[in-house]
Amino acid sequence: MRKNTVLIYTVLLLAGDFLAILSSFVIAYILRVSIDPRPLIEQVPALTYLRLFLSLLPFWLIIFAFLGLYRQEVYTRRVKEMVLVFVGTFIGILYIIAYEFVSGETIIPARLIVVYAFILGFSLLVLVRNVLWQIRKLFFKRGIGVNRTMIIGSAETTKEIANLLHNTPTSGYYIAAIVGGESIIPKWFKGFHYTKIERALKDIAQHKIDTVIQTKLYDSSEINRKILDAARNNHVDYKYIPAESEFYAGKSSIELFHYFPVISVHPTPLLGWGRVVKRVFDLAMSFVFLVITSPLMLLTAVAIKITDSGPIFFKQKRLSRYGKKVYVYKFRTMKQEFSGKDPKNVFKQLGRDDLVKLLDNGEDSQIENDPRLTKIGSFLRRTSIDELPQFINVFKGDISLIGPRAITPEDMELYSKGAGALMLNVKTGITGLAQIAGRSDLSYEERARLNLYYVQNWTFWLDIKILLKTIPVVLLGKNSK
């Protein structure tokens with residue numbers, strides 16, 4: 001049977017974090033107290049310093065535990081783990097400082113020790129966790145502690161799960177057997193293939209299976225019961241992954257409903273505290289962006305007024321969460337006589353049948369040198385400066401910084417009824433997956449697919465990734481027209 005590698009690895013992480021943090025404060029003390037000749041705030045003997053810090057170190061590890069740094073879904077995602085290690089290290093340093101202030105007991109003999117400890121702590125934690133990760137991969141590569149898995153089901157999800165777990169050194173899983181039709185068997189698969197469920201269930205012990213993953217509920221409840229009973233009787237883990245994406249997209253939870261256990265499926269995980277965190281983040285970031293970009297916005301407003309008569313801003317009715325209609329602000333980039341008018345009628349009026357044809361073919365993103373634009377309108381669009389006023393909308397709460405692109409009520413007709421309604425379960429945003437994936441080069445179908453993925457799989461870390469990836473896209477003016 002499978003070794004309890006998850007527990008062992010968690011214990012190693014705890015021990016590694018303990019040694020890394022302890023070492024960082026010991027080295028920081030040596031660098032500042034023993035080597036640096038400058039005077040100290042107060043003399044703190046080495047043993048006293050070590051004793052006090054050892055008494056506080058467990059609380060630091062508790063902070064790491066609250067951040068999820070000992071959960072498998074976190075430490076298997078390297079970028080997220082590093083971000084949380086940084087956050088945890090920073091909070092841990094603040095905790096030490098706060099304790100010293102509240103207790104009145106001097107722990108830190110010099111302020112520079114805190115700086116040294118933070119830099120060394122983060123560096124050593126990253127080093128230790130990367131070493132443990134490589135050791136883990138090495139063990140998995142040699143088959144030590146690997147989770148031998150049997151996947152049951154003829155749905156396409158079966159092949160997707162198998163491909164996802166295929167890289168054993170990274171996933172820690174080995175696909176020992178697949179039960180289903182020929183069409184769902186990946187080309188690389190070299191394990192046992194069964195077409196008969198009963199035969200496969202009898203061989204669970206023979207193949208030393210640790211986990212059974214079922215991807216399809218059969219019409220016969222008896223078959224489903226046999227699979228579950230076989231897993232229980234052989235003392236192996238059982239997982240059910242629905243083939244219908246609606247069951248695992250968004251947020252699902254098991255709860256009691258009048259004493260009956262039920263699976264509740266929410267259209268998005270952006271609920272409760274998630275919405276609070278996202279709103280606080282929107283307020284803080286929009287305020288910062290408005291302050292930073294205010295000189296540029298002022299210059300842009302003056303340039304628009306000088307080069308073309310008419311208002312500085314253009315506002316358009318858009319849809320946000322639950323279909324709420326809001327007015328989104330942008331710097332006006334079109335000439336006053338064309339602003340707000342139907343583009344097809346304008347192009348016909350200008351005798352540009354070639355552009356009318358592009359609109360009819362759904363290739364509006366391919367329009368270059370748009371005759372409707374002002375002298376600086378093209379530049380404002382290419383650099384995305386025209387969208388800076390939308391930070392006002394974010395601050396007001398009309399839209400979010402990150403989310404599906406705000407669409408007009410007319411554009412809603414381009415989405416299927418179900419997809420459009422599902423997309424509007426969250427606030428629309430200035431930037432999103434569609435913007436960093438291709439911006440104007442994407443079709444409505446591709447944009448809809450990315451928007452729905454965001455709605456159904458939202459996390460705060462996904463927002464951070466999108467925001468960071470938006471920066472080079474905007475600076476390079478990629479795919480914007």
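Sort through ARG129, ARG77 and tell me the only one that's among the charged types (D, E, K, R) and modelled with pLDDT of 90 or more.
ARG129
For segment 19-40, how many residues meet the condition of being over 28 Å from the mean Cα position of the chain (by Cα) and part of a helix (DSSP H, G or I)?
Summing the residues that are over 28 Å from the mean Cα position of the chain (by Cα) and part of a helix (DSSP H, G or I) in segment 19-40 gives 15.
Give the number of residues within segment 282-319 that are touching a strand residue (DSSP E or B) at 6+ places or on another chain (Cβ under 9 Å) and within 14 Å of ASP398 (Cα to Cα).
So the count comes out to 7.
Within segment 210-220, is even one residue at pLDDT 85 or above, over 32 Å from the mean Cα position of the chain (by Cα) and either acidic (Asp, Glu) or not in a helix (DSSP H, G or I) (or both)?
Within segment 210-220 (the criterion being at pLDDT 85 or above, over 32 Å from the mean Cα position of the chain (by Cα) and either acidic (Asp, Glu) or not in a helix (DSSP H, G or I) (or both)), the answer is no, since none of the residues qualifies.
Looking only at segment 374-401, count how many residues are under 27 Å from the mean Cα position of the chain (by Cα), crowded, with 21+ Cβ neighbours inside 10 Å, assigned to a helix (DSSP H, G or I) and aliphatic (A, V, I, L, M).
Adding up the residues that qualify gives 2.
Go through (1) at pLDDT below 90; (2) over 18 Å from LEU228 (Cα atoms) for ILE175 and report which single condition fails.
Failed condition: (1).
Residues being surrounded by fewer than 13 Cβ atoms within 10 Å (Cβ to Cβ), without any contact (Cβ under 8 Å) to a residue 60 or more places away in the chain and closer than 20 Å to ALA110 by Cα: count how many of those fall in segment 40-74.
So the count comes out to 5.
Quick one: ILE306 ticks every box in (1) part of a helix (DSSP H, G or I); (2) within 28 Å of LEU401 (Cα to Cα) bar one, so which box is it?
Status for ILE306: all satisfied but (2).
Need the failing condition index for ILE107 against (1) in the same structural domain as LEU31 (by TED's automatic domain parsing); (2) within 30 Å of ILE227 (Cβ to Cβ), just the number.
(2)
Taking PRO311 as meeting all but one of (1) in a loop (DSSP other than H, G, I, E, B); (2) out of contact with any Leu (no Cβ under 8 Å at 6 or more places or on another chain); (3) at pLDDT below 80, write down the number of the exception.
Going through (1) in a loop (DSSP other than H, G, I, E, B); (2) out of contact with any Leu (no Cβ under 8 Å at 6 or more places or on another chain); (3) at pLDDT below 80 one by one, PRO311 breaks only (3).
State yes or no: is ARG129 of a type in the set (D, E, K, R), exposed (fewer than 15 other Cβ atoms within 10 Å of the Cβ) and part of a helix (DSSP H, G or I)?
No, not satisfied.
Does GLY121 satisfy being under 31 Å from the mean Cα position of the chain (by Cα), in a loop (DSSP other than H, G, I, E, B) and within 28 Å of ARG78 (Cβ to Cβ)?
Judged against the criteria, GLY121 is not a match.
Go over the candidates ILE178, ILE204, ILE223 one by one and state the one that is within 32 Å of the chain's Cα centre (by Cα) and of a type in the set (A, V, I, L, M).
The conditions single out ILE178.
From the list LEU290, LEU298, LEU283, pick out the single residue that is assigned by TED's automatic domain parsing to the domain that holds ASP386, free of Cβ contacts under 8 Å to residues at least 40 places away in the same chain and either more than 17 Å from LYS427 (Cβ to Cβ) or of a type outside the set (Asp, Glu) (or both).
Exactly one residue qualifies, and that residue is LEU298.
Just one of the numbered conditions (1) assigned to a loop (DSSP other than H, G, I, E, B); (2) crowded, with 16+ Cβ neighbours inside 10 Å; (3) in contact (Cβ under 8 Å) with a residue 60 or more places away in the chain is not true of MET150; which one?
The failed condition is (1).
The values are calculated or read from the model by the stated rules, or taken from the named source; none is laboratory data. Just so we're clear, the structure is a prediction, and the values are computed from it rather than from any experiment. No Cβ is skipped: glycine too gets one built from the backbone with ideal geometry, and neighbour counts run over all protein chains shown.
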